[in-house]
Amino acid sequence: MPLDFEHLMGDYHGCYGAALDAGQAYLRASAQAALLKRVGTTVNEVPAPVCPDKRWFQRSYGRCVTDAPEDLLIGEGLFYLTEQRKLFLDCTAGHYQMTWGYDHPELTALLRDGIERGIVWDNHSNIPSAPVKRLTEKLVMLATPGRSLDELQDDPASLNTVLAGVATGSVACAAAMKMMLLHHSGAGEPAFVVLDGNYHGTDLFAQRLRGMWPDIFCNVKVVAVQPNDPEELCAVFAEHGENVAGFWAEPVMMNREAILVQPGYLHLARELCDENGALMAVDEIQTGFWFPEVIYCARIGLQPDFVVLGKGMTAGFHPLAALVYRGKLDVLEQYDAISTNGNAALAALVALGCIALIERNAREIERIGRAWHRAMEEIAAEFADRLVEARGIGHMSGLKFRDREDCLSFHRRAVERGLWLRAHAYHEGHSTVLTKFALPMGERAVDWTAEALRGLLRERR
Ligand SMILES: Cc1ncc(COP(=O)(O)O)c(C=O)c1O
């Protein structure tokens, strides 16, 4: 049996294949202005596909059989079509990981070129290939701009070591947590100081840091503090002193209502860690690869002990994450922190392409990020009766609603309108709608989306 699309997709191939072809042709041939006009409508030029359903999925992943699922059919840039052929503007870059939107032409060409040249998909991490090694070099340079590689290599206190053999952010975070535990030398139980509402992946211990499994772990303390409360942070370090094993923060809390953690607060945490012999980890799974400086810590002049990178690094091409850390902390053995499919050469090549695109478009990224955040602030001011404030920074932002039900209703109507954005309104006190636009967002998309949000806010709830 040939290994081709028709056989692999079985009975679905005809309808699905035709819809894919037509969907791709439609998205590629349409100018952005034309696509924006049609957001939220059905694109009848594309034939209706017949696709498999989700009956075998786990419940939390939407296991169901429905007549008309709005699952993704095909994407291009900032847009995607669903199986119902409804056109969506993706305001969240996939699930915050498609840095350059869907199917970026240059990254796709790079990928094809890499395959043609014989770059392997993956291999044993003891024999890493050139793209993976080149990526580690690049990440070290980006984490500490302004210093030469030779200088960094000779300085074990610098961020000169990269754990590149990890496929997901969760494993990269877990590696840093293990190093913190091994480094801890206080007389008492190690304490992890974390921000309330943190999310550092789905590893068991990472989940403990966000309050799960309280009875399972012993001999370790988890102390949650409120972001941007320097007094509380000082008090916690004063109380736990040398027993603080580590401090964890996400610079923009994309898992808690897009709260921007103030750079001054992060620098204070750095000082407190130094004074108490604790280690500092900045989880840049969300912020990494979304700013002109590539690594957000470099933007704010911060040198934590660990920078966790993932998600957007490969612009959504699986699988690769990375942990950049100080050489002197390099105490784990190979199989203490690894994903056996995390040495992916093709993914590393795409990551290098993603970084090159950021460097080439740095000024535009800064400009559009500012324009988008300004638009969100203006909206928050105009609808102050319904909105508390705009949150986040650059392409990552949140609109905090006064009322949770209002937030949920807004989110529902936005999705009906064809705007794919997220809502954090399922925890006590949470009522924020989030966006994290892919970097190709231009001025037109900024203006159009801001107007669309205004239109939804003007509607009655
Ligand atoms: C801040 C943060 N840390 C860690 C993770 C976990 O990364 P992964 O899903 O690749 O394991 C995520 C995922 O969304 C994240 O947003």
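The values are calculated or read from the model by the stated rules, or taken from the named source; none is laboratory data. This structure is a prediction, so every number in the text was calculated from the model and none was measured. No Cβ is skipped: glycine too gets one built from the backbone with ideal geometry, and neighbour counts run over all protein chains shown. Note: areas computed on protein heavy atoms with side chains; ligands, DNA, RNA excluded. Shrake-Rupley method; radii C 1.70, N 1.55, O 1.52, S 1.80 Å.
Structure summary
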{"read-out": "Every pair of residues 6+ apart whose Cβ atoms lie under 7 Å, when the first sits in the range 285-297 and is closer than 11 Å to Met396 by Cβ while the second is part of a loop (DSSP other than H, G, I, E, B) and within 13 Å of the ligand (Cβ to nearest atom)", "value": "Gln286/Glu250; Gln286/Met254; Thr287/Pro251; Tyr296/Pro251; Tyr296/Glu284; Tyr296/Thr287; Tyr296/Gly288"}
{"read-out": "Tally, over the range 1-40, of residues that are over 20 Å from Lys86 (Cα atoms) and surrounded by 15 or more Cβ atoms within 10 Å (Cβ to Cβ)", "value": "2"}
{"read-out": "Close pairs from the range 356-368: first over 16 Å from Met313 (Cβ atoms), partner part of a helix (DSSP H, G or I) and among the small types (Gly, Ala, Ser), Cβ under 9 Å, at least 6 apart", "value": "Ile368/Ala445"}
{"read-out": "Some residue of the range 337-346 being outside any loop (DSSP other than H, G, I, E, B), open to solvent by less than 70 Å² (accessible area, probe 1.4 Å) and among the β-branched types (Val, Ile, Thr)", "value": "no"}
{"read-out": "From Glu70, Glu116, residue being without any contact (Cβ under 8 Å) to a residue 24 or more places away in the chain and out of contact with any strand residue (DSSP E or B) (no Cβ under 8 Å at 6 or more places or on another chain)", "value": "Glu116"}
{"read-out": "Failed item, numbered, when His318 is tested on (1) part of a loop (DSSP other than H, G, I, E, B); (2) open to solvent by less than 20 Å² (accessible area, probe 1.4 Å); (3) within 11 Å of the ligand (Cβ to nearest atom)", "value": "(2)"}
{"read-out": "Residue list for the range 186-230, restricted to those being under 22 Å from Ala337 (Cβ atoms), part of a loop (DSSP other than H, G, I, E, B) and of a type outside the set (A, V, I, L, M, F, W, C)", "value": "Pro190, Asn198, Tyr199, His200, Gly201, Thr202, Asp203, Arg210, Asn219"}
{"read-out": "Of all residues making up the range 264-313, the number that are basic (Lys, Arg) and either open to solvent by less than 10 Å² (accessible area, probe 1.4 Å) or within 16 Å of the chain's Cα centre (by Cα) (or both)", "value": "1"}
{"read-out": "Some residue of the range 330-342 being under 15 Å from Thr99 (Cα atoms) and away from the ligand (no atom under 13 Å from the Cβ)", "value": "no"}
{"read-out": "The one condition in (1) within 14 Å of the ligand (Cβ to nearest atom); (2) under 21 Å from Ile358 (Cβ atoms); (3) modelled with pLDDT of 95 or more that Glu293 fails to fulfil", "value": "(1)"}
